[in-house]
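Undergrad: To start, I am sharing the structure in question, which I have written as structure tokens.
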Amino acid sequence: MKPTILQSCLLAFVATVANAQSPSSWSYHVNSQGARSIELSGSISTPSGSKSAQIKFVRSTGPKVYWSFDLAIESVSTIKGFTFDDFEGPDSRASGELLILETIGTPKPTRFSFCPAGGYVSQPKDGFNFSAVRTGPSNPLLNLVRSASQGKGQLSVRLRDFKNPGVFMQATYDLAGSEQAFTQFLASK
């Protein structure tokens, strides 16, 4: 008997939560232009097994503040079954809400979904970087960062392939102990 879509999603959710990465070390940085970032290195489940990954939230400074999310995955040439080319560049073929970020088990669970643009990069080694940018003082990405800043629950990252909707890359990161990095990141100048 073929599983229903709901059963498949439930199994993927249970597997993701079961594989949540232990309390992690979110690092806070400020670059020479004053842009702030928080970063976390970990791993992500792919169709070809676990790969190193880095997630990063960035907050710019200046007259127009932007907020961005980046997901960098290493060793993408070894990942079979996921079509990275469909996400390359601002005119990529990919469309729809293919990347979903969620806070799970937080006081105010939040979801942000979007179609990322990306590109092949040399750092991380043999990598691909997915990115999304939002502007304004109130936006879904900022709301997700605020939810994550409570230091409770988990941050779930799930990326669906454009050509093969049943193919995913996913990870869940524990938010315990992240309050200080998120507080610095969100603090006004």
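The values are calculated or read from the model by the stated rules, or taken from the named source; none is laboratory data. Computed from a predicted model, the values in this text were never measured in an experiment. A quick note on method: Cβ atoms are made from the backbone with ideal geometry, for glycine too, and the neighbour counts reach across all protein chains shown. For the accessible areas, the whole protein counts, side chains as well, though only heavy atoms, and no ligand, DNA or RNA atoms are used. Shrake-Rupley method; radii C 1.70, N 1.55, O 1.52, S 1.80 Å.
Undergrad: Anything in region 28-87 that is of a type in the set (Val, Ile, Thr) and under 13 Å from the mean Cα position of the chain (by Cα)? List them, or say none.
TA: Across region 28-87, the qualifying residues are Ile38, Ile44, Ile55, Val58, Ile73.
Undergrad: Being surrounded by fewer than 21 Cβ atoms within 10 Å (Cβ to Cβ) and either part of a strand (DSSP E or B) or on the phi < 0 side of the Ramachandran plot (or both) is the filter here; which residues of region 169-183 pass it?
TA: Those that are surrounded by fewer than 21 Cβ atoms within 10 Å (Cβ to Cβ) and either part of a strand (DSSP E or B) or on the phi < 0 side of the Ramachandran plot (or both): Gln170, Asp174, Ala176, Glu179, Gln180, Thr183.
Undergrad: Condition check: in contact (Cβ under 8 Å) with a residue 24 or more places away in the chain, under 27 Å from Lys64 (Cβ atoms), buried (at least 19 other Cβ atoms within 10 Å of the Cβ) and not polar (S, T, N, Q). Does Leu186 satisfy that? Break it down into steps so the answer makes sense when it comes.
TA: On the way: in contact (Cβ under 8 Å) with a residue 24 or more places away in the chain: yes; under 27 Å from Lys64 (Cβ atoms): yes; buried (at least 19 other Cβ atoms within 10 Å of the Cβ): no; not polar (S, T, N, Q): yes.
No; evaluated as a whole, the condition is false for this residue.
Undergrad: Checking the conditions here, which among Phe162, Phe168, Phe128 is under 15 Å from the mean Cα position of the chain (by Cα) and over 19 Å from Thr103 (Cα atoms)?
TA: Values: Phe162 fails: under 15 Å from the mean Cα position of the chain (by Cα); Phe168 fails: over 19 Å from Thr103 (Cα atoms).
That would be Phe128, the only listed residue that is under 15 Å from the mean Cα position of the chain (by Cα) and over 19 Å from Thr103 (Cα atoms).
Undergrad: So, of the residues in region 49-64 that are open to solvent by 50 Å² or more (accessible area, probe 1.4 Å) and part of a strand (DSSP E or B), which turns out to be farthest from Val76 (Cα to Cα)?
TA: The selected residue is Lys56.
Undergrad: Then there is this: What's the number of the condition Leu144 fails, among (1) free of Cβ contacts under 8 Å to residues at least 60 places away in the same chain; (2) hydrophobic (A, V, I, L, M, F, W, C); (3) more than 17 Å from Ser37 (Cβ to Cβ)?
TA: So the condition that Leu144 fails would be (3).
Undergrad: Do you know which residues across region 142-171 are among the hydroxyl-bearing types (Ser, Thr, Tyr) and closer than 27 Å to Asp85 by Cβ?
TA: Correct list: Ser156 only.
Undergrad: Let me ask another. Write out, first by first residue and then by second, each pair whose Cβ atoms fall under 6 Å of each other, whose residues are 6+ apart or on separate chains, and whose first residue, in region 45-58, is within 16 Å of Asp126 (Cα to Cα) while the second is of a type in the set (Val, Ile, Thr) and open to solvent by less than 60 Å² (accessible area, probe 1.4 Å).
TA: If the second residue must be of a type in the set (Val, Ile, Thr) and open to solvent by less than 60 Å² (accessible area, probe 1.4 Å), the pairs left are Thr46/Ile79; Ser48/Ile79; Lys51/Ile44; Lys51/Ile73; Ala53/Ile44; Ala53/Ile73.
Undergrad: What's the number of the condition Ser8 fails, among (1) at pLDDT below 95; (2) surrounded by 14 or more Cβ atoms within 10 Å (Cβ to Cβ); (3) not in a loop (DSSP other than H, G, I, E, B)?
TA: (2)
Undergrad: Between a first residue in region 109-133 that is charged (D, E, K, R) and a second residue that is in a loop (DSSP other than H, G, I, E, B), which pairs have beta carbons less than 9 Å apart while being 6 or more apart in sequence or on different chains?
TA: As it stands, the answer is Lys125/Glu74; Lys125/Ser75; Asp126/Glu74; Asp126/Ser75, since those pairs meet every condition given.
Undergrad: Here's a follow-up. Show me the strands (runs of 3 or more DSSP E) found entirely inside region 84-159 where at least 2 residues are at pLDDT below 90, of a type in the set (Gly, Ala, Ser) and loosely packed, with under 15 Cβ neighbours inside 10 Å. Before the answer, list the steps.
TA: Numbers: elements: 99-104, 111-114, 117-121, 127-135.
Ranges flagged: none.
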